[in-house]
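Working notes, structure below.
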Amino acid sequence: MNFLRKIFEETGKYVEEGKPLSWAYPLWEAADTIFFSTNKQTSKGPHIRDNMDIKRTMFFVVIALIPCYAFGAYNIGYLNALAMDLERGLIGNTIFGLGYVIPILIATFVAGAICELTFAIIRKHEVNEGFLVSCALIPLTMPPDVPLWQVFIGTSFGIIIGKEIFGGVGTNIFNPALTSRAFMYFAFPTKISGDKVWAVGPDGYSGATALAIPANPTEYDTASNLFAANNQFDFSMINMFWGLIPGSIGETNKLFILFGAFFLIYCGIASWRIMVSSTLGLVFTALLFNLLNYLTVDGILQSGGTPNAMLTITPLQHILIGSFLFGTVFMATEPVTSSHTNTGRWIYGFLIGVLTVIIRSINPAYPEGVFLAILIMNMFAPLIDYYVVQANIKMRLSRNV
Amino acid sequence: MQKITINKGHNINISGVAPSEFSNAPTQKLVSISPQDFNYIKPKLLVKEGDQVEMGDALFFDKLNPDVRWPSIASGNISKIIFGERRAVLDIIIEVNHDKELNVEPVKQINLSSKDDIKDFIQKHNFWPFFSQRPFNKVVNPKDSPKCIIVSLADSSPLANDLSFSLSEKREYIISALSTLKKLTEGNLYVVVRGDNFSFLSDYDFISLIQVEGPHPSGNIGVILNKVNPINQNDIIWTLQGSHLPILGKLFSKGILDFSLNISIGGPAVKPSYFKSRIGAKFDLHKDSLLMENVRIISGNVLTGKKINIDGFLGFYHSSFSVIEKSFNRPFIGWLHPGGKSKYSVFNAYLGSNKKSYDFTTLQNGSNRAFVPVDAWEKVFPMDIYINALARSIEANDIDEMEQLGIYECDEEDVALCSFVCPSKSDVGAIIRKGLDTIYFDK
């Protein structure tokens with residue numbers, strides 16, 4: 001340890017202010033404080049500080065994601081074994097999956113680190129650990145055999161356009177991880193949407209996600225019946241909860257996502273208000289659509305048009321299919337781009353739930369609505385906060401007569 | 001009596017709380033008064049080194065507000081005046097040469113029946129510096145008439161001087177001080193107490209007693225005012241340190257100047273105790289009680305106090321010294337630390353962390369980072385103010401918005417806990433002070 005300490009102390013001399021290598025100080029500081037906690041002193045009151053810092057905060061989010069990674073890797077192997085008619089076992093499946101996950105992870109982190117470090121050097125600020133979370137989130141939103149160069153470009157786009165051009169962590173409007181997901185969806189649609197990408201199988205192998213089934217039914221039926229009729233995968237409620245179904249790497253296992261949610265809430269890092277209110281919004285809108293479907297198909301408002309099977313998805317099915325839970329736990333709660341007031345967080349979350357169901361059910365092009373819903377609400381979060389704060393201002397002015 | 005419960009906040013359980021008993025200390029030979037303890041004044045000295053002064057004699061006055069003069073807190077000679085950059089007066093050090101108290105006014109001549117009589121009396125004995133005002137936390141302008149006066153006897157800050165113990169023998173002076181203060185305002189005289197402490201005050205109708213419960217900052221006057229009588233634009237509120245009440249009471253009732261003060265010394269790096277001492281006391285008398293070499297001595301509490309050297313003095317408004325270890329420890333991969341007794345956090349971020357009696361050091365426990373609003377400030381900030389929005393309006397220099405968001409209700413001490421918990425290690429107090437400065441100098 002002393003040896004490592006010495007290396008840092010020696011190299012530190014070269015990056016001091018005024019030295020030719022001083023531009024590299026942010027890099028040195030980042031590496032130095034990763035290995036050894038900073039001994040920065042308080043200068044005035046408060047003379048004492050809490051032991052929590054941004055490094056640990058961000059690291060905790062990464063910890064919360066690890067179970068999703070582990071299951072994602074296993075699921076890739078499992079679905080592949082299913083497609084190839086193989087028997088590989090737990091470890092075999094996981095190792096097979098890791099062969100897909102790790103390269104994506106590396107591509108993401110290389111791209112993310114290059115962008116973050118470059119901006120830290122140009123802007124002369126410390127490297128912000130937030131990019132680690134963005135980079136840890138991006139692979140989990142990818143299909144398993146997405147081309148790595150696309151991941152690289154997508155991540156760079158997310159970090160630069162989603163974050164750095166607005167001034168870096170703390171001032172960004174859009175969640176960088178979702179920005180790259182959205183960019184990749186619109187830039188490389190063939191590799192990130194459709195039926196062919198979600199499971200690794202032989203050439204031309206196709207496996208539809210749970211969301212695609214009611215979105216493109218051969219003929220109209222309720223979502224529950226369509227799920228039951230699908231004989232390729234087990235779309236029972238319990239299996240959709242457990243997650244052995246096609247989907248993005250991190251989204252399928254709801255149990256581990258809930259584990260992450262409770263962990264983050266317990267540590268006080270993520271807002272439970274956003275998670276609860278977005279679920280409420282989703283349930284509310286799903287029930288509304290169920291009612292609408294009942295009225296138009298069986299009830300008094302029969303229109304004669306083709307009924308939409310998406311309207312028959314029950315609230316619980318909405319929660320279990322697609323990446324709603326993953327999005328609301330890990331993406332919507334991103335502290336910088338969500339609402340900054342507690343009242344605002346309730347509204348912000350609720351509208352994410354509402355928009356998710358609307359986009360899923362009514363938009364015919366793409367059945368997954370969570371990432372668009374969150375990005376849209378990222379955009380409106382400052383507006384929500386503005387009105388919440390205005391209410392406080394009005395209260396104060398009314399007192400001030 | 002009004003009961004208020006504050007829910008948001010946090011009691012920092014730092015080790016080294018002084019037990020409720022007095023230790024013997026040698027008599028103070030040197031005391032100091034520092035113009036640096038007062039915000040927004042321009043001091044003009046009235047004495048020079050070597051002058052003989054009596055207790056209560058004016059030492060300096062404020063050029064911006066010449067009615068306010070600072071009393072000598074001891075009889076003796078001015079042994080040294082320390083100047084800083086651009087001849088800013090840092091310390092006026094007085095060598096104490098005799099008695100602890102001085103009778104300056106025969107009891108029969110004291111007339112405190114009207115507001116103006118009281119103001120003249122305070123003026124005559126140079127006692128205005130004991131009165132500070134909100135907003136801005138500065139010495140009052142004697143010409144103002146405050147909306148209300150508030151005194152907190154329930155300091156909730158870590159290692160605070162427990163006034164229910166240290167003022168326990170001074171009941172009559174507290175009453176006489178409060179009854180005089182009441183005449184200075186048309187509004188209420190609020191006195192903040194905790195639990196059953198100072199229950200004798202409930203016998204007096206002129207006192208609006210507020211019984212507060214809950215964690216720090218529940219004893220701060222800013223927090224209490226936010227709940228009972230918020231400071232609006234153009235309002236002026238006067239306040240005094242609870243520990244100064246007996247000093248005023250003794251002057252008002254007996255005409256005696258006595259600047260003695262029971263101080264507490266606490267913290268992980270010192271043997272904690274209470275001492276019978278005086279305003280502006282020097283720390284080095286207590287250096288035998290230090291438990292380690294490398295320490296930071298703080299006049300006041302660990303959240304808002306000021307750093308002093310070992311031969312430094314107690315600040316004018318302070319009644320305690322806190323001592324913490326200066327640590328330069330750099331644990332290997334500290335951010336991965338599982339927890340245990342060596343970590344303290346408001347967040348549930350460490351397993352089995354020590355929340356009972358923790359040895360805080362001067363370590364910042366993290367590097368400064370861009371601000372990430374993880375709802376940390378809000379958890380420990382009980383006022384109905386959007387502190388995050390306020391901080392942003394200050395950074396944007398938007399005076400209108402600062403006023404609308406309630407900057408007048410805030411002071412550095414009210415947001416000190418926000419800085420304590422902030423994972424980005426922001427200094428919220430400095431931001432609030434910057435906003436107040438911007439407004440003050442704009443007017």
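The values are calculated or read from the model by the stated rules, or taken from the named source; none is laboratory data. On a predicted model such as this, the values are computed, not experimentally measured, just so you know. Please note: Cβ atoms are built from the backbone with ideal geometry, for glycine as well, and neighbour counts cover all protein chains shown.
Structure summary
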quantity	calculated
Those residues of region B:188-200 which are surrounded by fewer than 18 Cβ atoms within 10 Å (Cβ to Cβ) and either of a type in the set (A, V, I, L, M, F, W, C) or at pLDDT 90 or above (or both), in sequence order	B:Asn188, B:Phe200
In region B:391-412, the residues that are within 10 Å of chain A (Cβ to nearest Cβ) and within 30 Å of B:Trp335 (Cβ to Cβ)	B:Arg392, B:Glu412
Selection within region B:20-50 - part of a loop (DSSP other than H, G, I, E, B) and in contact with a Leu (Cβ under 9 Å, 6 or more places away or on another chain)	B:Ala25, B:Pro26, B:Thr27, B:Gln28, B:Lys29, B:Ser34, B:Asn39, B:Tyr40, B:Ile41, B:Lys42, B:Leu46, B:Val47
Evaluation of A:Phe284 against (1) under 25 Å from A:Asp145 (Cβ atoms); (2) surrounded by fewer than 23 Cβ atoms within 10 Å (Cβ to Cβ) (one fails), failing number	(1)
Only listed residue being surrounded by fewer than 19 Cβ atoms within 10 Å (Cβ to Cβ) and under 21 Å from the mean Cα position of the chain (by Cα), chosen from B:Lys48, B:Lys3, B:Lys42	B:Lys42
Close pairs (8 angstrom Cβ cut-off, 6 or more residues apart or separate chains): hydroxyl-bearing (Ser, Thr, Tyr) in region B:312-333, in a loop (DSSP other than H, G, I, E, B) and at pLDDT below 90 anywhere	B:Ser327/A:Asn39
Selection count, region B:296-315, where residues are buried (at least 23 other Cβ atoms within 10 Å of the Cβ) and more than 13 Å from chain A (Cβ to nearest Cβ)	2
Residue within region A:19-32 that is at pLDDT below 90, in a helix (DSSP H, G or I), touching a helix residue (DSSP H, G or I) at 6+ places or on another chain (Cβ under 7 Å) and within 7 Å of another protein chain (Cβ to nearest Cβ) present	no
Checklist (1) within 14 Å of another protein chain (Cβ to nearest Cβ); (2) part of a helix (DSSP H, G or I); (3) polar (S, T, N, Q) applied to A:Asn75, failing item	(1)
Residue among A:Phe324, A:Phe330, A:Phe289 that is in contact with a His (Cβ under 8 Å, 6 or more places away or on another chain), surrounded by 21 or more Cβ atoms within 10 Å (Cβ to Cβ) and closer than 23 Å to A:Lys254 by Cβ	A:Phe324
Boolean, B:Ser145 is within 23 Å of B:Ser299 (Cα to Cα) and either touching a Ser or Thr at 6+ places or on another chain (Cβ under 8 Å) or assigned to a helix (DSSP H, G or I) (or both)	no
When residues of region B:361-388 are limited to those that are within 27 Å of B:Asn234 (Cβ to Cβ) and outside any loop (DSSP other than H, G, I, E, B), the one nearest to the other protein chains (Cβ to nearest Cβ)	B:Asn388
Segments classed as helices (runs of 4 or more DSSP H), wholly inside region B:389-443, with at least 1 members that are surrounded by fewer than 20 Cβ atoms within 10 Å (Cβ to Cβ)	B:399-404, B:428-442
Scope region A:297-336; condition farther than 14 Å from A:Val61 by Cβ and of a type in the set (Val, Ile, Thr); matching residues	A:Val297, A:Ile300, A:Thr306, A:Thr312, A:Ile313, A:Thr314, A:Ile319, A:Ile321, A:Thr328
Residue check, B:Ile82 among the hydrophobic types (A, V, I, L, M, F, W, C), more than 22 Å from the chain's Cα centre (by Cα) and either assigned to a strand (DSSP E or B) or not assigned by TED's automatic domain parsing to the domain that holds B:Ser176 (or both)	yes
Residue identified as at pLDDT 85 or above, touching a Phe, Trp or Tyr at 6+ places or on another chain (Cβ under 9 Å), of a type in the set (Phe, Trp, Tyr) and farther than 23 Å from A:Leu86 by Cα among A:Phe259, A:Phe227	A:Phe227
Pick from region A:250-281, criterion of a type in the set (Ser, Thr, Tyr) and either surrounded by 24 or more Cβ atoms within 10 Å (Cβ to Cβ) or in contact with a strand residue (DSSP E or B) (Cβ under 8 Å, 6 or more places away or on another chain) (or both), ranking: nearest to the other protein chains (Cβ to nearest Cβ)	A:Ser271
A:Gln302 touching a helix residue (DSSP H, G or I) at 6+ places or on another chain (Cβ under 9 Å) and free of Cβ contacts under 8 Å to residues at least 40 places away in the same chain	yes
Residue check for B:Phe259: closer than 24 Å to B:Ser157 by Cβ, aromatic (Phe, Trp, Tyr), in contact with a Lys or Arg (Cβ under 7 Å, 6 or more places away or on another chain) and modelled with pLDDT of 90 or more	yes
Checklist (1) within 14 Å of chain B (Cβ to nearest Cβ); (2) closer than 27 Å to A:Ile95 by Cα applied to A:Arg181, failing item	(1)
Residue within region A:6-14 that is closer than 24 Å to B:Lys326 by Cα, of a type outside the set (Ser, Thr, Tyr) and within 12 Å of chain B (Cβ to nearest Cβ) present	yes
Any hit, region A:36-54, residues being facing another protein chain (nearest Cβ under 7 Å), crowded, with 24+ Cβ neighbours inside 10 Å, touching a residue at least 12 places away in the same chain (Cβ under 8 Å) and touching a Ser or Thr at 6+ places or on another chain (Cβ under 8 Å)	yes
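Per-residue answers, yes or no, for (1) in contact with a Gly (Cβ under 9 Å, 6 or more places away or on another chain); (2) within 14 Å of another protein chain (Cβ to nearest Cβ); (3) surrounded by 17 or more Cβ atoms within 10 Å (Cβ to Cβ); (4) not in a helix (DSSP H, G or I):
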position	(1), (2), (3), (4)
B:Gln133	no, no, yes, yes
B:Val151	yes, no, yes, yes
B:Pro158	yes, yes, yes, yes
B:Glu169	no, no, no, yes
B:Tyr173	yes, no, yes, no
B:Leu184	no, no, yes, yes
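Condition check ((1) within 23 Å of B:Gln133 (Cα to Cα); (2) out of contact with any strand residue (DSSP E or B) (no Cβ under 6 Å at 6 or more places or on another chain); (3) among the aliphatic types (A, V, I, L, M)) across all residues:
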{"site": "B:Ala376", "(1), (2), (3)": "no, yes, yes"}
{"site": "B:Lys379", "(1), (2), (3)": "no, yes, no"}
{"site": "B:Met383", "(1), (2), (3)": "yes, yes, yes"}
{"site": "B:Ala389", "(1), (2), (3)": "no, yes, yes"}
{"site": "B:Arg392", "(1), (2), (3)": "no, yes, no"}
{"site": "B:Leu405", "(1), (2), (3)": "yes, yes, yes"}
{"site": "B:Ser419", "(1), (2), (3)": "no, yes, no"}
{"site": "B:Ser424", "(1), (2), (3)": "no, yes, no"}
